[in-house]
Amino acid sequence: MEGASSVPVGTIVSGRYRFDPTTQDFNPADSALGLYEAVLDFELSVGDAAYRAETGTIGVLNDSTRFGGKVDAYTLTCGPPLVGPAIDDLPPFQMDMNLADTTASLFDGVELPRRVRAEAFDIRAPVQGLQTGGHLLLRDSTSGKISDVGFLVEKLEVIQPKDGKAPSDSDN
């Protein structure tokens, strides 16, 4: 898959999402992967283009061996549907963000963390089978043509949880 040609390297990508930290794991049988349909809204900007979704899933991996070695990870998937303008005549389909801790020391379980700090992840390190960073996926379902806009995650912070309480340093 080649990246979208009309988005220059270095284009600023920023976003925000709001989630419910009380959401229950819909995958409770798997002790290495928690899945939470917790995202309440999501916004992403690629340069001047704006994208949004009203739902999404957060994944928490703890000591997972799914990717060829022990890893902890935090994933965010929003869409489909993802609403926003087409890039290179391809409509937006989905946004994925994957943050990996290749030391597998960040999480003690698969509970949904109230707070996630990007500096806790080795987010630029390649993890076999798990692309780190983020991707805005573009897809034309008629032609089957696909593309993406890839981005690094340099900053991730909790501004204020849904319950209005500021996260403490003991929160992940």
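The values are calculated or read from the model by the stated rules, or taken from the named source; none is laboratory data. Here the structure is a predicted model, which is why all the values come from computation and not from measurement. Heads up, the Cβs are rebuilt from the backbone with ideal geometry, glycines too, and the neighbour counts pull from every protein chain shown. Heavy atoms of the whole protein, side chains included, go into the accessibility calculation; ligands, DNA and RNA do not. Shrake-Rupley method; radii C 1.70, N 1.55, O 1.52, S 1.80 Å.
Points to keep in mind about this one:
- Against the numbered list (1) β-branched (Val, Ile, Thr); (2) farther than 30 Å from residue 145 by Cβ; (3) assigned to a strand (DSSP E or B), residue 22 comes up short only at (3).
- Residue selected from segment 1-15 under the condition outside any loop (DSSP other than H, G, I, E, B) and modelled with pLDDT of 85 or more, by the criterion least open to solvent (accessible area, probe 1.4 Å): 13
- Criterion: without any contact (Cβ under 8 Å) to a residue 40 or more places away in the chain and of a type outside the set (A, V, I, L, M) - qualifying residue of 31, 45: 45
- Taken together, 44, 106, 61, 90 contain a single residue that is surrounded by 15 or more Cβ atoms within 10 Å (Cβ to Cβ) and in contact with a helix residue (DSSP H, G or I) (Cβ under 9 Å, 6 or more places away or on another chain), which is 106.
- Screening residue 72 against (1) acidic (Asp, Glu); (2) open to solvent by 40 Å² or more (accessible area, probe 1.4 Å); (3) at negative phi leaves a single unmet condition, (2).
- Residue check, residue 67 modelled with pLDDT under 80 and surrounded by fewer than 17 Cβ atoms within 10 Å (Cβ to Cβ): yes
- In segment 25-41, the residues that are assigned to a strand (DSSP E or B) and either open to solvent by 100 Å² or more (accessible area, probe 1.4 Å) or at pLDDT below 90 (or both): 37
- For segment 47-58, the count of residues that are farther than 16 Å from residue 150 by Cα, of a type in the set (S, T, N, Q) and in a strand (DSSP E or B) is at least one.
- Residues (over 30 Å from residue 140 (Cβ atoms) and open to solvent by 20 Å² or more (accessible area, probe 1.4 Å)) located in segment 94-103: 102, 103
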